[in-house]
Structures are given as C-alpha cells and as structure tokens.
Amino acid sequence: MSTQIPNQTDESSETEPDAEAGSKGDERRAEKRRRAAEERERRQAEEAERAAADEETVELKVFRYDPEVEGKQDPRFDTFHVPFTKGMTVLDALMYSRDNYDSSLTFRHSCRQAVCGSDAMFVNGGQKLACKTQIVDLDQPIRVEPLPHAEVTKDLVVDMEHFYEQMEAVEPYFQTTEYPEGELEEQRQTRENREKVKMSTRCIWCAACMSSCNIAAGDNEYLGPAAINKAYRFAMDEREGEDIKQKRLEIIEQEHGVWRCQTQFSCTEVCPKDIPLTEHIQELKREAVKNNLKFW
Amino acid sequence: MSQSYNRGLIEDFSRWREFEAGMWAWIFHKFTGWVLIGYLFTHIAVLSTGIPAAGASEAALMAGEDVYTQTIVSLEGLLLVRILEVGLLAVAVFHMLNGTRLLLVDLGVGLEAQDKSFYASLILTGAITVASVPTFIAGAF
Amino acid sequence: MYEHDVIVVGAGGAGLRAAIAAQEAGADVAMVTKLHPVRSHTGAAEGGINAALRDADSWEDHAYDTMKGSDYLGDAPAVEALCRESPEEVIRLEHWGMPFSREEDGRVSQRPFGGLSFPRTTYAGAETGHQMLHTMYEQVVKRGITVYDEWHVMDLAVTGEDDPADRTCHGVVAYDIQSGEINGFRAENGVILATGGMGQVFDHTTNAVANTGDGVAMAYRAGVPMEDMEFIQFHPTTLPSTGVLISEGVRGEGGILYNREGERFMFEHGYANNDGELASRDVVSRAELTEVNAGRGIEDEYVHLDMRHLGEERILDRLENILHLAEDFEGADGLTEPMPVKPGQHYAMGGIETNEHGETAIGGLYAAGECACASVHGANRLGGNALPELIVFGKRAGRHAAGEDMGEAEITTGKEGDWEPADYEFDVEVGETGGQGPAAADGGAVATDPDGVLSAAVEQAQDRVEALLEREGRNHATVRSQVQQTMTANVNVFRETGGLEETLGDLHEAREAYKDVAVSDPSRTFNTDLIHTMETRNILDIAEALTMGALARREFRGAHWRKERQERDDENWLKHTLVSWNDGEPELWYKPTILEGENKTYEPKDRSY
Amino acid sequence: MAERYSSFTSGGRMWLLQRVTAAFLLVVLAFHFFLLHFVHHADEVSFLASSARMEQLSYYSLMILFLVTATFHGVNGVYNALVNQGLTGTKRTVIKWTLVAASVVLLFQGIRTANAWAGGFPLL
Ligand SMILES: Cc1cc2nc3c(=O)[nH]c(=O)nc-3n(C[C@H](O)[C@H](O)[C@H](O)COP(=O)(O)OP(=O)(O)OC[C@H]3O[C@@H](n4cnc5c(N)ncnc54)[C@H](O)[C@@H]3O)c2cc1C
Ligand code: HEM
Ligand code: SF4
Ligand code: F3S
Ligand code: FES
C-alpha cells in the first residue's frame, strides 16, 4: 500500500516546482527531497529483489509520517525486508532498516535492554517495547506503528509531554515529616514493605500502559495507570508516614484519579515490567473508600 | 490526547482482534449494562398498563380481559418476543456473572485469574441460556 | 537565548545530582539533555553502590581497595573524596526514598563485590541504577528544576584565548530535537558536563546507543585535556546481538564457559588454572577472544556460557532475571541451551580531566560522572564504584559551580605543576585534516565577551547544521561503523603496536570520509539522522584520542594490555596519559599519579587477589 | 488542580454505591428471574397474580427497593460510562440532569404501577 505515494510526490514536485521556494537553501532542500523519493523507490525495488532471492528475511511494515516532508505528510506504511538473525528483536530490525535502507526512519531508542523506556510502540496491534520483542514471536508481516492515543511527532515518535505531565501530577517524590536522628542513620523499612512496593518501583515511564487504556484515551485528564502506580509506590511506602498517606490518597482520589479506572486490565497486560497495575489501582480505590468511611 | 492525530486504521475499535480478555469483558459489560437499563425503562412502560387495568371490573380481571393481561399475553405470544427474552436472559446473566467477577476484582480477589474468570462467565452464560431455552420458549408455538 | 546560573549537560546520575546540589547552594540551574532524564543509561546499572556504611567497615579500607583496584593509577585525593563521601550520599539517597533492598532489621542491604575487602555494595535488587536514577529525578521534579529535555548539546561556548588555561566557558549551544531550533544556553557561573559513557566508540558495548561521549568530545575540542583514555573496561559476558550484560552472578553461581569444541577452555587451555571462569574480567575477556581468534568460537564470534547443570530450581531462585535477559534479548532459553556470550565494551575509566571538585582546565567548565576522569578508577574500575562517583562528584561539581567555597583542590588541571611532553612519534597524521575551524578548537569561538562567544557559537552551529542538511554526501552510518570496527579489531582487549597504528590510519581515513557526510532526511522535526551524524563526529575524535593513549602506553596495567610488554611498569608508567587538542591537532603528554593521600601514601602492590 | 483535593469528592461514594447496589441486584435480579420465568411462567402472567404478590408488604417493598437500586445502578452506570469517555462541561451537566429526570419519571411510574396492583400502598 505504501509504494503508490512516492510516485505522486514525484509528480507534484515536478509539475509545480516549489510554489514558495524562498531561499536557495529551500530550493536545494526541495531538490533533495525529490531525490530522496527516487532513492526510496530504487531501494524498495532492490529490497523486493532481495526478498525474492530467498534469503531468510523479515517483512516489516512501518508507519511513516513527517509533518514537513512531502510524501510523508499523509501517513503511509513503508515495507522493509530485513535479513533475519537469531535473537533479532523488533528494535534490531528497525535499526537495520534505518542504517541500510532509509536513514530518515525515526524512532526513539537508547538502552536496548528494556530499562530506558524509550521504544514503546504498537507492534502487530499491541503495545510493546521494541527492544524486548523477539521477531520469532510475531506473525509476519510485522506492523510497527507509533503508540496509539498520543500525538505523532514523526514516524514512530510520539509526543510524550502529556504522559510526563500526568506522571508529575501525583507529587512523585518521597515526602516525610520525620527523619531518623544522625546524619548517617537510614530510615528503617521492613522487608515486607519493600516487597510490597517493589513492583511499583520498576516503572520505566514507557507509556505503553497509558496508550493501551481506553479510558485514558477518552479522558485526557485521567491520571492513567502509570501515574497512579507512581502514587501507589509512595502511598504504600511505610517510611512516608500516615499524614503524607492522607495527602496521597487525596491526590489519587481526585475526580480523574482512580475512579476513572474501569478495570480493563489492558495496562497490566502490556506493561513490559510486569507491574500489576490494575491490582495497584484497585487497592488504592479500596484504601480511599476505607479512608472516606472514617469520615462518614 | 483527545486532539490526537487521526491515524485511521489504527484507532481502537478496529483493533478488536487484538483485544485481550479484560477489554472484551469491559465492552460486554458495558453493552449488557446499557441493554439492561434500556430494558428497565421498557419494562416499566409495559407494566404500566397495570394502572388502567386496576380500574377494570372484577369479571374482566378474572377472565384476563384487562389491558394488562391482554398486553402481556399477546406479547408473550409472539415468537420474536420470546427470542428477545432469551437474549435478555443471556444479557442479564452475563452482566450478573461478570459483575460478580468485577466485584471480586474490586475486592482484590483473583486478579491474576481475571482472564480465566471472564471466560468462565462467558461459558456459564452460554450454558445457563441454553438450559433455559425450553422454559422460555414453552407454549410459544 | 536561555540564561541560567548553572547549566548541567546530561541528566543521568551525575547530572541530576549536580543539578540538585547547585540548586541547594542557591543557584538557578537548568539541565539540558538529549534524552529525557529517566532514559539515561544510569538506569541500566544493576549491581550496586559501594559505600562504607557499617561500623566494621571504614572509608579508608574502601579507599585502599579502590587504589589497589585502579592499579595505582587513581589519584589519591579523588579516591579518598569518593570513599569518604559515598556513605553520606548513599544515606541521602535513602532519605530521598530510594527503595534499597533491606535486611531483617530494616537497614539497607549490602553485598560482596569483586575486589572489595568488605561487603559494602549497597543495592536495590538487580536494578540499583534504575532506582537511583528515578529517585534523583523525583527530587528534581520536587524542586522544580528546569529540564530542557531532548535538546542535543552540540558544542561549548568557550572564549578564544590561545592558552586553554586562560579560556572561559560561558555556556553551550544546543539543538532542539523536537523542533530543530538551535539556541544558546548562557551559564552565568558554570557549565557541568555529565554526558556519560562513550561505549559507541566500539561496535559491541553494554552502553546505550546514546552513549556517544558527546561531552568528552566537546570538552576535548574546546581544549580540555583527555585523561587516561586508553583504559576501557571490557565485560566478558555480554549477549552477542545486543551487548546486554549477563552479570558475573552466573559464573559466581557456577556457570561454565565452553568453546565450540565443548572444551572448558578457561582450564583446558590454561588461561586461569586456579580461578577458571571466576578469574578477573580482563583475563576472561582475553581468553574468550583468544578462543575465537583460534577458530574455536561459535559462528566465529562468541563462546557459550552454560548454567543448565545448576538445575532449574537453583536457576529460578537465584538467576531468574538472567533467564529473562537471555530470552528477551537473545532468544535463548538458559534452562535448555547454553547462552552465547562475548566480551563487550563496558566502561570508560578515562575522560575529561578534572580535579576533585569537578573543575576542568577551562574556567567555568566542570565535568562529573563517567565522562569525567578525576581520577578515581585509574586503570581499572571496581564494580560498584561508578555509581558513588556519580553522586559524590556530581554533588561536588554542582556546589562548586554554584559558587560555594570548597577550598583549594589538590589535583591540578591542565599543564599546571609537573607534566612532561610525550616521547611518542605517531606514524599517521592525527587530528583534523584540512584544518577547518577557528582558534579555540572547532567548538569554540574567537570572541571573548560572554554574549559574543555564545552568539558566535550559535551561528557556527547553525551553519554546520544547515550544511549537513543541504549538501549531498555519504551517510554517516558507514563512517561510524568503520570507526567501531577498527576500534573493536585493534583497540579491544588485545593491543599491539601494529594494530593500533593501523587503527590510527583507519581513523584518519574515517576523518577524511566524514568531511563529506550529509544528512539525507531534510526534516527539521525529530531528525535523528542529523543527531547521529553529529554524534559520529564525537565518536571519531574520542576514538583517536583513545588510540593515541593506547599506543603511547607500552605496559600492561589494569584494563590496558600490550603485547609488547605484558607486565606493569611502575618505573616508567605511574603517570597519566593526556591528550589535548589545540588548533585541530592533538598533543600527547603525561602527568604523574598522586599516590599521597590525606594520611598515608598508597604504595603500589601487585594486583593479585 | 488543588481545588479538587477533597476527600469528599463524590467519586468514591458513587463508586462504592455502584458496587453495593450491584451486590444487592445480584440477589434480587436472580430471584426476580427465577420467580417470574421458572416458578411462574411468563405466558401465564395475569393482573390478578401480579396483584396478589404485590399486596404483600414484603414483596412490595422488595420490588420498590429493586426498582430504586436498579434505577440508580443503571443510570449511574450510564453516566459514568459517558464521563469516562470524556464528557465534560455544559454537555455533562445537561446529560446529568436529563438522566436524573429520566430516573424520576421511571421511579414515579414504577411506584404508580406497583401501587395500582397493590390497590394503594399495601398495609398487610
Ligand atoms: C549495563 C551496565 C551496568 C552497570 N552496573 C554498574 C554497577 O552495578 N555499579 C556501578 O557503580 N556502576 C555500574 N555501571 C556504570 C555506571 O552505570 C555508569 O558509569 C554511570 O551510570 C554513568 O552515569 P552518568 O550520569 O555519567 O551518565 P548517563 O547516565 O549515561 O547519562 C548521560 C546523560 O547525558 C546526556 N547527554 C549525552 N550527550 C548529550 C548531549 N550531546 N547533549 C545533551 N545531553 C547529552 C544524556 O541524555 C544522559 O542524560 C554500569 C554500566 C552499565 C552500562
Ligand atoms: C444482577 C446484578 C448486577 C450486578 C452484579 C451488576 C454489576 C455491575 C457492576 C460491578 C458495574 C460497574 C462496572 C464498572 O463501573 O466498572 C455495573 C455497571 C452497570 N450496570 Fe450493572 N449489575 C447488575 C445489574 C444491573 C441491572 C439490573 C442493570 C440495569 C438496570 C444494570 C445496569 C448497569 C449499567 C448501565 C452499568 C454501566 C455499564 C457501563 O460501564 O457502561 N446492572 N454493573
Ligand atoms: S507502568 Fe509499565 S507500561 Fe506503564 S509506563 Fe510504567 S513500565 Fe511502562
Ligand atoms: S487499562 Fe485502564 S481502565 Fe484501568 S485497569 Fe488499566 S487503567
Ligand atoms: S531501548 Fe531502552 S527500553 Fe527499549
């Protein structure tokens, strides 16, 4: 489906040579764009050949969009054929495609080991960390798209601002009114308590959960599973003390806090760090109800 | 995110094939809930024929010739209504079973088995519905 | 233009700590980082943080272990600062809520680590770095410190005096990845570089893709000396396809290394007859490569690490996270098959030369974290010593930059005090070919007034980006992989004159090739092609300095092995190698190691455990 | 956001009520189905039979309670569903009061019907 669009681009840029071409730079860039389109076609032909040549390849259909570049302003899917190697992940395949076929293919990635949370994307209809997703576990062709329900910046990159705002709206930092005496004295915490918050502290801010939650999609103000989990991480930490816990419960109890959650479980399903998000949200709901019953 | 860029094919519900148990449960629960509240309104409307019927004569009532009895009997006589009733039963049973599942989830019970309990609600709903068909259809023909 | 008192470049462990410290000291701080803070590679650290917290332990013992581990190339004032302040910094993290693993009595847990005389590695499960990074970012959120995330810093704005020691840094120039805007960040008091590792100089590394040593290269081009660049730690067990680290724990529990013939080569080929798989990192790494080079590797690339004989129960109990790593990143099931492993670049001991306050040779420019070299790790870093370095030196640099009086530093920077010119002649031309770029290296600007310097630097950056976007040329990826391959071939765990010289030649060619790279993606929006192209330039500069150091140092010390002399040479080499860049040309020189501590002098001893 | 930080926001209370009514409905709806489809068959319904049941105070009050809880549960459920999908502002207020009005009509009509069967409020 993708191969049609570059043709159109070529035509349009040839027949009406840059209506608004201002500086020389612009012209040259337009020229460059045109060549890039040609280049792409040539490359795709090459790839198809390669695929036909019976090597073991992986077929990737990747979402492409760039608000500035002709031919990419209308989203499309590009197909890449990548030689398969054992242990290959979706991220590896994307990197290969970028380095060998199309250097403008854009996606966030850094650690390659599921700790930086940069590369959550929509792979074959599910939110996945590309670096943690083995190609062999997927049906081909593999469809790679940016996270749903977030604004697409370019290709597989989405705007994370909203997610960060929600994460930071829950006062995501340790607070307590009392510290042990002595500069070098740590606060005590039982093993059980550390165990209780352990899973919740593993969040890598990948936003896969937020993207999978249908409620978060509909209600922009909903804190979302990751932020609620962050609140949980502190609310359940015994080192913070009762006063602060009251405050925490008030935060998560806001109108767009825990009550929005409809236990869809999608968040729990997609979390690459296996955080039992729904369970944490539900526990907070119960805590909040208990807390309110005290006042009634 | 409401201003999110429209990505056509990618939007939620066209992805139903990829939905996991929890999501299906949510959709079904929602659907059945709406059907039930919709039915509650119709139900009361139909039952309201009991108000004029209350003014009917003793004899008419005994003979079942009042508006209420007439309405119900004629409705029940329609095969379509019978079939709809079976549907309603299925809807109600599912809503009840899954509602129970949700109540348990709210209590923090069995979250790990949430997918299994959803499948169990589905199967049970099917079984109960099928088992009730004879009772519901009885006398319709 | 953005203006703040202190600008911190990079938001990993070191950058976050520096920002918090500077803010606490009253400065208006901003962080400029090419990744959102929580994406920094500090999050990948697993093992732990060394700190002498217990009564039975002492910071002096920690310092002793560190000096010994460094093969006596650490500078005692820095090492002692690290060990003295690490406990309070670790407790501070605890007070900030960091979820450390706990003992029965509720105190933080510590475990033993290689090279330590006391189990003082404080940890949070197998995710210490992740917890530390997030805890500190939380504090940054709490304090409302400004973070410019996804801004790639391109260069420093440094005045143009002839002598680097006279120059002053007034800020940085950065490129907003999201929008393509190029802007200046003016720092009233100081710029702190905390850009982390440089693993991407090699083609196989445990470091992140973003670890391209940008800060190191920027400082280098501005005239700051690079110290001990040849010391690179290679980890023997990393997954071949991604470089993901398989921790020493597997070998600790009894995991065995096999070659293609199924031989337990650590013993059968006599690499370490006593310790076998548990020999130190460099020994195992060299053994693995020797096997592969002798044709006994699997697919000519890696060896096998087998833990199946430990039994499912034990594996699940103690090494569960390893199973997941192998499964997720290599597609290998550790329960039923051996895991492929090979050595990979892991940590750079060297970097931007600083004193124990994080100051560099250029006024107003600081460095902390993995990009800096104070030096605490010398020739070899002990496991668990990098994370404390981040918090101790991050804090020190932050405070100093904010104007706090921290006394006179004992370590000198630049060509102050004792130094000697190098005795080494390179066969190949090093440095910039064709001599482009103005006086103060190619990053700086000629002007001397702060605003002038900054606007000149911004203009230069704009021209550079414009040129890259407009011209036609080759893609940087080929240049980058050329560099990575030659580095891995010759500047890896085995180093000998011929190979090193060959690499220097290859790097010269790569420099030539880099002159006509261009970016084919014309977009201003999130142009990662452009960012990577700029990073490749940094990789090139670093690779060269690194290779020069490796050529010059004709001895075997710590992580640096030379075929020509396979033993430590304290007579001639108890000194740091420094490479500084002036007018496009690198210069090599030496500086003695400081072994005199506060109360004692660390006498070099054999590094045997 | 600070103005929303009150532990008396109705969110929690409504949430709880939805669960409590659900638990109640679970029992009563099952009973209702069982009684009117299995014990008595639907096609055998007659005014008199209904009336006979309604004249008992216990049955009458159970049915009224059934009606009230079902109405609350159903209408609140619908309202929540809409809010979750991002219903805000004036629209939300309008819908809210429309739903309340509909509930009142439903309750009124339901009680009227029940009273018709019971021949007024059942005393016995
Ligand atoms: C797999 C692994 C395990 C490890 N385990 C341990 C351990 O157990 N114990 C231990 O002590 N050490 C360990 N280390 C070492 C230690 O983690 C690192 O040395 C340390 O985290 C580096 O921190 P940093 O703050 O210097 O840099 P990083 O955390 O890498 O942060 C660098 C920052 O600089 C920014 N940046 C880079 N370039 C630019 C630019 N051009 N413009 C703007 N911003 C830029 C990045 O965005 C990032 O925020 C481990 C390392 C690895 C790779
Ligand atoms: C038989 C017992 C019942 C149980 C156990 C039950 C359970 C539940 C629960 C737990 C919810 C909340 C779901 C959520 O917010 O996540 C719910 C929602 C709902 N219920 Fe029920 N319910 C029952 C009967 C009814 C009846 C009789 C009606 C109709 C009048 C009804 C209509 C609804 C509606 C409309 C919703 C909202 C659905 C949505 O989210 O869109 N329910 N039910
Ligand atoms: S909770 Fe899980 S899915 Fe959500 S952001 Fe955190 S790690 Fe990602
Ligand atoms: S997907 Fe959404 S509805 Fe709740 S359980 Fe997760 S937050
Ligand atoms: S690249 Fe870091 S999480 Fe995937």
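The values are calculated or read from the model by the stated rules, or taken from the named source; none is laboratory data. All of these numbers come straight from a predicted model, not from anything done at the bench. Note: ideal-geometry Cβ built from the backbone for every residue, glycine included; neighbour counts use all protein chains shown. Quick note on the areas: whole protein, heavy atoms, side chains included, nothing else; ligands and nucleic acids left out. Shrake-Rupley method; radii C 1.70, N 1.55, O 1.52, S 1.80 Å.
At a glance:
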{"quantity": "Within-9-Å neighbourhood charge of C:MET534 [Cβ basis; K, R +1; D, E -1]", "calculated": "0"}
{"quantity": "Helix axis angle, B:79-106 relative to chain B longest principal axis, alpha carbon, degrees", "calculated": "40 degrees"}
{"quantity": "Length-normalised contact order of segment D:16-124 in % [C-alpha pairs under 8 Å, at least 6 apart]", "calculated": "43 percent"}
{"quantity": "Three-way shape label, segment A:234-290, alpha-carbon gyration tensor, a/c 1.5", "calculated": "oblate"}
{"quantity": "Interface B:A - total buried accessible surface [probe 1.4 Å, Å², rounded to 100]", "calculated": "2600 Å²"}
{"quantity": "Sulfur and carbon atoms: percent of accessible area, the protein assembly as shown [1.4 Å]", "calculated": "53 percent"}
{"quantity": "Cβ-based charge dipole, chain C, positive-most Cα from C:GLY190, C:LEU546, C:PRO338", "calculated": "C:PRO338"}
{"quantity": "Chain C: relative contact order in percent, alpha carbon pairs under 8 Å with at least 6 residues between", "calculated": "22 percent"}
{"quantity": "Delta accessible area of at least 30 Å² on complex formation, residues of segment A:178-196, 1.4 Å probe, chain isolated as reference", "calculated": "A:TYR179, A:GLU183, A:LEU184, A:GLU186, A:GLN187, A:ARG188, A:GLN189, A:ARG191, A:ARG194"}
{"quantity": "Cα lying deepest toward the dipole's positive end in segment A:57-153, options A:THR133, A:LEU91, A:THR153, charges on Cβ", "calculated": "A:THR133"}
{"quantity": "Accessible surface buried upon D-A contact (total; probe 1.4 Å; Å², nearest 100)", "calculated": "2000 Å²"}
{"quantity": "Estimated vicinal HN-Hα couplings, Hz - segment C:541-552 in sequence order (Karplus 6.51, -1.76, 1.60; Gly, Pro = x)", "calculated": "4, 5, 4, 5, 4, 4, 5, 4, x, 5, 5, 5"}
{"quantity": "Label-point separation in nm, B:VAL46 to C:GLU404, each point 7 Å along Cα→Cβ", "calculated": "7.8 nm"}
{"quantity": "For segment C:43-66 and segment D:83-124, distance of Cα centres in Å", "calculated": "69 Å"}
{"quantity": "Segment C:113-224 - accessible surface per residue (Å², probe 1.4 Å)", "calculated": "21 Å²"}
{"quantity": "For segment B:29-36, 3J(HN,Hα) per residue [Karplus equation, 6.51 cos²θ - 1.76 cosθ + 1.60, θ = phi - 60°, Hz, x = Gly/Pro]", "calculated": "5, 4, 4, 5, x, 5, 4, 5"}
{"quantity": "Phi to ³J(HN,Hα) by Karplus 6.51 cos²θ - 1.76 cosθ + 1.60 over segment A:59-64, Hz, x for Gly, Pro", "calculated": "9, 10, 10, 10, 5, 10"}
{"quantity": "Per residue, in Å², the accessible surface of segment A:57-153 once ligands and nucleic acids are set aside, probe 1.4 Å", "calculated": "26 Å²"}
{"quantity": "Relative contact order, percent, chain B [alpha-carbon distance under 8 Å, six or more residues apart]", "calculated": "30 percent"}
{"quantity": "The protein assembly as shown shape via C-alpha gyration tensor axes, a/c threshold 1.5", "calculated": "prolate"}
{"quantity": "Positive dipole terminus of chain B, leading residue within B:MET23, B:THR42, B:GLY99 (C-beta point charges)", "calculated": "B:MET23"}
{"quantity": "Solvent-accessible area of C:ARG554 with every protein chain in place, 1.4 Å probe, in Å² to the nearest 10", "calculated": "80 Å²"}
{"quantity": "Shape call, chain C: gyration tensor on alpha carbons, a/c limit 1.5", "calculated": "rounded"}
{"quantity": "Cβ-Cβ FRET estimate between D:ALA30 and D:LEU57, R0 fixed at 30 Å, reported to 0.05", "calculated": "0.85"}
{"quantity": "Chain C: antiparallel DSSP beta bridges as a percent of all, rounded to 5", "calculated": "65 percent"}
{"quantity": "Burial of 50 Å² or greater, segment C:21-64 residues [accessible area, probe 1.4 Å, versus chain by itself]", "calculated": "C:ARG39"}
{"quantity": "Student exercise, the protein assembly as shown dipole from Lys, Arg, Asp, Glu Cβ charges, in Debye to nearest 20", "calculated": "5620 debye"}
{"quantity": "Alpha carbon centroid spacing (whole Å) that separates segment D:12-42 from segment C:489-519", "calculated": "78 Å"}
{"quantity": "Net dipole in debye of segment A:57-153 [+1 Lys, Arg Cβ; -1 Asp, Glu Cβ; about Cα centre; nearest 20]", "calculated": "340 debye"}
{"quantity": "FRET efficiency, D:VAL68 to B:ALA63 (Cβ-Cβ, R0 22 Å, nearest 0.05)", "calculated": "0.05"}
{"quantity": "Whole-angstrom gap from segment C:367-416 to segment B:99-115, using each part's C-alpha centre", "calculated": "53 Å"}
{"quantity": "5 angstrom amide H check on C:ALA372, placed H, neighbours 5+ away", "calculated": "C:ILE352"}
{"quantity": "For segment C:191-237, residues shielded by at least 30 square angstrom of accessible area compared with the chain on its own, probe 1.4 Å", "calculated": "C:VAL209"}
{"quantity": "Buried accessible area, chains D and B (both chains, 1.4 Å probe, Å² to nearest 100)", "calculated": "3000 Å²"}
{"quantity": "Amide proton proximity set for A:GLU255, modelled H, under 5 Å, gap of 5+", "calculated": "none"}
{"quantity": "Of the DSSP H helices in chain D, those whose Cα atoms cover at least 27 Å axially and whose Kyte score averages 1.0 or more", "calculated": "D:10-33, D:57-84"}
